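Everything below concerns the one structure shown next.
Please treat every number below as a calculation from the coordinates, not as lab data. Computed from a prediction, not measured in an experiment: that's the story for all the values here. Every residue, glycine as well, gets a Cβ built from its backbone with ideal geometry; the counts of neighbours run over all protein chains shown.
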Amino acid sequence: MSVKVLYFAWVRERIGKAQEEIEPPAGVATVGELMHWLAGRGEEYASAFANPRVIRAAIDRTHVPPETRIGQANEIAFFPPMTGG
Amino acid sequence: MNARLQTEDFDVAAEAAALRNGRTDIGAIVTFTGVCRGTEAGEPIAAITLEHYPEMAQAEISRHVAEAERRWPLMGVTVVHRYGRIEPGDNIVLVVTAAAHRQDAFAAAEFLMDYLKTRAPFWKREERPSGSAWVEARETDDRAAARWTRRKPEAAE
């Protein structure tokens with residue numbers, strides 16, 4: 001199943017793209033597992049996800065912890081801790 | 001509720017006046033304006049650039065405004081967050097809260113700012129003489145936001 005993935009700030013810069021459509025294999029069930037799988041896709045991904053504990057994630061525009069199941073997500077975003085305000 | 005994301009500047013007085021709008025039941029209006037500083041840790045800042053996740057930022061701000069309205073008897077809330085390139089001395093963010101009494105307006109404004117800092121999907125990049133760099137999240141901001149989940153606000157007298 002294909003899902004849209006968005007990257008922001010230095011996660012976007014390290015990967016070199018703002019968004020893409022991906023098809024994770026069946027064994028990738030959670031957001032944390034997806035990060036691990038993405039990290040294995042190449043040097044730029046490995047660099048972006050080198051320290052997954054500092055990466056925040058959102059499924060369909062809502063913050064989620066890494067153990068969250070991807071399920072029927074339409075849009076998954078990865079980004080550093082927020083610094084707005 | 002009025003929550004906006006925009007590149008343009010905002011007019012603090014006009015936003016407060018719009019909330020008041022001739023009403024006589026409002027007794028307190030708090031406005032908080034976040035402004036771009038010209039130095040950070042002793043280094044001059046030429047500008048910051050704010051990146052954001054537009055759809056999520058709008059949704060996240062609206063959720064927190066709704067939460068503030070649930071916690072305090074508010075008579076109006078406006079949040080404006082700018083994105084794009086912002087220079088020192090220019091506005092970044094505005095929170096306006098209106099209530100019958102000041103305690104509710106102050107508390108709601110502080111709650112909203114604490115959450116905007118840690119939960120709204122915005123990222124600041126600073127232009128410094130040594131190069132440009134992403135701003136790192138502050139632990140003090142996380143602590144400030146966490147206090148709102150530890151205790152409920154006291155009921156207004």
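Annotations
- Placing unit charges on the Cβ atoms only, positive for Lys and Arg and negative for Asp and Glu, gives chain A a dipole magnitude near 220 debye about its Cα centre.
- Å³ per residue enclosed by the Cα convex hull of the protein assembly as shown: 135 Å³
- Karplus (6.51, -1.76, 1.60) ³J(HN,Hα), θ = phi - 60°, over the range A:31-48, in Hz, Gly and Pro reported as x: 4, x, 5, 5, 4, 4, 5, 4, 4, x, 8, x, 4, 5, 6, 4, 5, 5
- Size of charge dipole - the protein assembly as shown - debye, nearest 20, with Cβ of Lys, Arg +1 and Asp, Glu -1, no other charges: 480 debye
- Cα centroid separation - the range B:100-137 against the range B:37-99, whole Å: 6 Å
- Rounded if a/c under 1.5, otherwise prolate or oblate - the range B:82-150, Cα gyration tensor axes: oblate
- Fraction of beta bridges assigned by DSSP in the range A:3-79 that are antiparallel (%, nearest 5): 75 percent
- Inter-chain Cβ neighbour count for B:57-64, averaged per residue, equals 2 (cutoff 10 Å, partner chain atoms only).
- For B:GLY27, the residues whose amide H sits under 5 Å from its own are B:ALA99, B:ALA100, B:HIS101, ignoring neighbours fewer than 5 places away on the same chain, with H placed 1.01 Å from N.
- Taking amide H as placed 1.01 Å from N in the peptide plane, B:ILE45 has its amide H under 5 Å from the amide H of B:THR39, B:GLU40, each at least 5 places away in sequence or on another chain.
- For B:ALA3, residues with placed amide H under 5 Å, excluding near neighbours: B:VAL79
- Whole-Hz ³J(HN,Hα) from phi, Karplus 6.51 cos²θ - 1.76 cosθ + 1.60, for the range A:72-83, glycine and proline x: 9, 3, 8, 9, 10, 10, 10, 7, x, x, 7, 9
- Rounded if a/c under 1.5, otherwise prolate or oblate - the range A:3-79, Cα gyration tensor axes: rounded
- Range of Cα positions in the range B:2-150 per principal axis (Å), largest first: 52, 35, 30
- Relative contact order %, chain A, counting alpha carbon pairs below 8 Å whose residues are six or more apart: 36 percent
- The range B:1-67: trypsin sites (Lys or Arg not before Pro) in DSSP loop, at most 16 other beta carbons within 10 Å: B:ARG23, B:ARG37
- Residues B:ILE86, A:ILE22 in ascending order of nearby Cβ atoms (within 10 Å, fewest first): A:ILE22, B:ILE86.
- Since only A:ILE15, A:PRO25, A:PRO52 are under comparison, the one whose Cα sits farthest along the positive direction of the charge dipole of the range A:3-79, derived from C-beta charges on Lys, Arg, Asp and Glu, is A:PRO52.
- Applying the criteria of a DSSP loop state and at most 16 other Cβ atoms within 10 Å to the trypsin sites (Lys or Arg not before Pro) of chain A yields A:LYS17, A:ARG41.
- Overall size of the range B:1-79 from C-alpha positions, given as principal axis extents largest first: 46, 27, 23 Å.
- Computed from phi, the 3J(HN,Hα) profile of the range A:62-71 under the Karplus parametrisation 6.51, -1.76, 1.60 (θ = phi - 60°) reads 10, 4, 9, x, x, 7, 5, 6, 5, x Hz, with x in place of Gly and Pro.
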